[in-house]
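Remarks on the structure that follows.
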Amino acid sequence: MGFKMTETGGIDPDTWNRWHVVGCHDELPDDGARATRLLGRAITVERRGSGAEVRLTGGGALPVKVAYGYVWSSLGTPGPLFELPEHAEADRRNLNGCSFFVRTSPPRAIENFLDMAHFPFVHTGILGEEAHPDVKDYDVAISTDGREVVASNCHFYQPKAAAASTGGVDVTYRYRVPHPWCAILYKDSPAKPGRSDVIALFVQPCGEEEIVANLALFILDDDTPLPALRRFQQQIFVQDKPILENQMPRRLPLYPRADSPVRADKASIAYRRWLRQLGTSFGVLS
Amino acid sequence: MIALHDYDLSAEGYAVRLFLALLGLDYRLLPVEFYPAREHEGEEFRALSPMASLPVLVDGDLVLTEVAGILSYLAARHGGADWYPAGDAAQLGRIGDGLALSARLAATAGAVRLADGMMLPLDGAAARAEAKRLLRVIDERLWFGEAAGDDWLCPGPRPSIADIACFPHIVLAEEGDIPLIDYPAIRRWLDRVRRLPGFVVMPGVFGA
Ligand SMILES: [Fe+2]
C-alpha cells in the first residue's frame, strides 16, 4: 500500500521485501568480507561467529538471517523466511552441494530444477536415460494460502538417483517452491526406505540475468564422504549450466502463451502463474 | 595401472581423460576437489605435484604434473606412429607449438571459465580479450588448413595431441562467456574431434 517502485529502483515489492540467499555460511572466508551482488547492488557478506553481517558496499547494514546453513539478506523489510523443518532433523547431514555463478535469470534456474523432462538428455546415465524419456503425469497446485507451488506424485526412472545409489530405481519426487527463487525437492532416500532426501536450490539473484545457484543437501546418508557428495552434485549441476546459459531470452517470459511449451509442463505453467500472482517483475519479461 | 589424480571439471584433466579413452587405456581415477575445498593446494597433494597443478598422472615410478608432458608421454608410449611421429622432426616441433598454444588457452579461456563459475578473483576482461585473439588466430589457421585439405591443428591426415590439448579449453569457452559463434572453422573442428572413435564427454560437454 502506498509502495512506490521509484523507492526500490524499479524492483517489484515482493522481490524487494523478501529474504534472498547471499552465501553459504560455512564457505565464507575466515578473515574479511566477501564481495558479491544482490538485486543489482554491490554488497559485502562477512561471517560473525555463527551469525553474519551484510552491507551495501560503501553504505549501510542490511537485514541479515542465518538459516539452513546459508546467509540471507534483503533490500527491504522482510517477513518470515519459508519453513524447512527437515533441516533440524537430527539424523540428516546438511551440506552445501555446490555454488556456481550462472548467466541466467533466477526464475529460469527454478524452472530448470522443476523440469524432469530434461533428465534423460542432459543427465544421461545419472538422473535419466534416453530409453525412459517419458514424464508420467503428476499433480501440481498453488497452495490455498498462495504461499507456495507444490508438485507431487512425480515418478521417474533414474539410473543413479543419488551418490549412494547402487543401481537404477523408479524414484518418487515431490517439489515445493516456497519462494520465487528457492525450490525444494523431496526424493526417495536410497538409504532409508519410506523417507526422503531433501535437495534445495537456493538462487542468489545477483542481477536480472546473473545468479549464484546454491544446491543445498539435507540427506539421509551417513556413509558417503563429503567430497563424494559434493562431487555428485557438481557433476549434475555443471551439465545444467550450459543449458541455462544458452536459454534465450535469459529472463523468463511471463506474457500469455510465452515460450509456448511444446510439452505442456504443468509445474512450469503453475510456477509462471504464481509469479504473475506475486507481481514478480525481476528477472522476467511480462 | 595408470593412476590419474584429477578434478571432474578440470579442462586439463579432461584432455588427459579424452586421450586415455581414444587410446583405449584403462586407468584408475583419484578425485581431487579443486572447488570449493582447494584440495590441490594442500600439503598432501603438493607432495605429489609441487606446483599444485592438476591433473597428475602416475605410471609406476613416473609422476607427470603438466598436461603437455602427460599427453607426450602417453602418445610416445602407447600411441604408435598415429599419435607419435617419431621420425618427423618438423611435425614434432609443430605438435610442441600446439601444446604451448593449449597452455595459452588454459591461462585465458580456461582461467576465465573457472573464475567465472567458481567466483575466483581474475581480471576477466583481459583474459577474455586475449582468449578471443587466440581463437581468431586458430580459426584462421583451421580455415586455411581446410582449404588445403587439412582437418587438424597440425598439417597431416591425423589429429595430434595438440588437438586433444586445445579441444577442452575451446569447447568449454562459452562457460566463460566467450561465444564461439564467430569462429566457424573452429566449430567445424570441434565437431570433427567429437566424431573421433572413442570420444568421451565431461560435464558441460556434449557429444556429436
Ligand atoms: Fe538438470
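Taking first residues from the stretch A:228-257 that are at the interface with another protein chain (Cβ under 8 Å from one of its Cβ atoms) and partners that are hydroxyl-bearing (Ser, Thr, Tyr), the Cβ contacts under 8 Å between residues at least 6 apart in sequence or on separate chains come to A:234/B:35; A:245/A:104.
Among the numbered conditions (1) away from the ligand (no atom under 15 Å from the Cβ); (2) part of a helix (DSSP H, G or I); (3) under 30 Å from residue A:44 (Cα atoms), the only one that residue A:238 does not meet is (1).
Within the stretch A:103-118, the residues that satisfy the criterion of being within 14 Å of the ligand (Cβ to nearest atom), surrounded by fewer than 22 Cβ atoms within 10 Å (Cβ to Cβ) and over 18 Å from residue A:178 (Cα atoms) are A:117, A:118.
Is there a residue being on the phi < 0 side of the Ramachandran plot, modelled with pLDDT of 90 or more and within 16 Å of the ligand (Cβ to nearest atom) anywhere in the stretch A:140-152?
Kept after step one, since they are on the phi < 0 side of the Ramachandran plot, are these residues of the stretch A:140-152: A:140-145, A:147-152.
Remaining after also requiring modelled with pLDDT of 90 or more: A:140-145, A:147-152.
Cutting the leftovers down to within 16 Å of the ligand (Cβ to nearest atom) gives us A:151.
Yes, there is a match, as at least one residue in the stretch A:140-152 is on the phi < 0 side of the Ramachandran plot, modelled with pLDDT of 90 or more and within 16 Å of the ligand (Cβ to nearest atom).
Of all residues in the stretch A:120-146, which are of a type in the set (Phe, Trp, Tyr) and touching a His at 6+ places or on another chain (Cβ under 9 Å)? A:138, the sole residue that qualifies. Taken over the stretch B:37-58, residues that are open to solvent by less than 40 Å² (accessible area, probe 1.4 Å) and either charged (D, E, K, R) or assigned to a loop (DSSP other than H, G, I, E, B) (or both) amount to 6. Pairs linking a residue in the stretch A:123-151 that is assigned to a loop (DSSP other than H, G, I, E, B) and open to solvent by less than 40 Å² (accessible area, probe 1.4 Å) to a residue that is of a type in the set (D, E, K, R) and at pLDDT below 95, with Cβ atoms under 6 Å and 6 or more positions apart or on different chains, are A:126/A:160. Which one of these does residue A:63 not meet: (1) open to solvent by 70 Å² or more (accessible area, probe 1.4 Å); (2) at pLDDT 95 or above; (3) over 28 Å from residue B:37 (Cβ atoms)? Answer for residue A:63: the failing condition is (1). Among the conditions (1) within 19 Å of the chain's Cα centre (by Cα); (2) surrounded by 15 or more Cβ atoms within 10 Å (Cβ to Cβ), residue A:55 misses just one, which is (1). Can you tell me which residues in the stretch B:1-33 are in contact with a His (Cβ under 9 Å, 6 or more places away or on another chain), of a type outside the set (A, V, I, L, M) and free of Cβ contacts under 8 Å to residues at least 40 places away in the same chain? Residues satisfying the conditions are B:31, B:33.
Residues checked against (1) under 30 Å from residue A:144 (Cβ atoms); (2) within 16 Å of the ligand (Cβ to nearest atom):
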position	(1), (2)
A:183	yes, yes
A:189	yes, no
A:202	yes, yes
A:216	yes, yes
A:227	no, no
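In summary, residue A:9 fulfils each of the numbered conditions (1) open to solvent by less than 40 Å² (accessible area, probe 1.4 Å); (2) more than 14 Å from chain B (Cβ to nearest Cβ) with the single exception of condition (1). Restricting to the stretch A:67-81, name every residue that is over 25 Å from residue A:10 (Cβ atoms) and open to solvent by less than 60 Å² (accessible area, probe 1.4 Å). If the condition is that a residue be over 25 Å from residue A:10 (Cβ atoms) and open to solvent by less than 60 Å² (accessible area, probe 1.4 Å), then A:67, A:68, A:69, A:70, A:71 are the ones that fit.
Quick grid of which residues meet (1) within 27 Å of residue A:234 (Cβ to Cβ); (2) within 14 Å of another protein chain (Cβ to nearest Cβ); (3) out of contact with any Phe, Trp or Tyr (no Cβ under 6 Å at 6 or more places or on another chain):
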| site | (1), (2), (3) |
| --- | --- |
| A:40 | no, no, yes |
| A:72 | yes, no, no |
| A:81 | yes, no, no |
| A:86 | yes, no, no |
| A:115 | yes, no, yes |
| A:128 | yes, no, no |
| A:132 | yes, no, no |
| A:145 | no, no, yes |
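In summary, residue A:269 fulfils each of the numbered conditions (1) over 30 Å from residue B:9 (Cβ atoms); (2) modelled with pLDDT of 90 or more; (3) open to solvent by less than 60 Å² (accessible area, probe 1.4 Å) with the single exception of condition (3).
The values are calculated or read from the model by the stated rules, or taken from the named source; none is laboratory data. Keep in mind that what you see is a predicted model, and the values were worked out from it rather than measured. Cβ sites come from the backbone with ideal geometry, for glycine too, and all protein chains shown count toward neighbours. Ligands, DNA and RNA are excluded from the accessible area calculation, which covers all protein heavy atoms including side chains. Shrake-Rupley method; radii C 1.70, N 1.55, O 1.52, S 1.80 Å.
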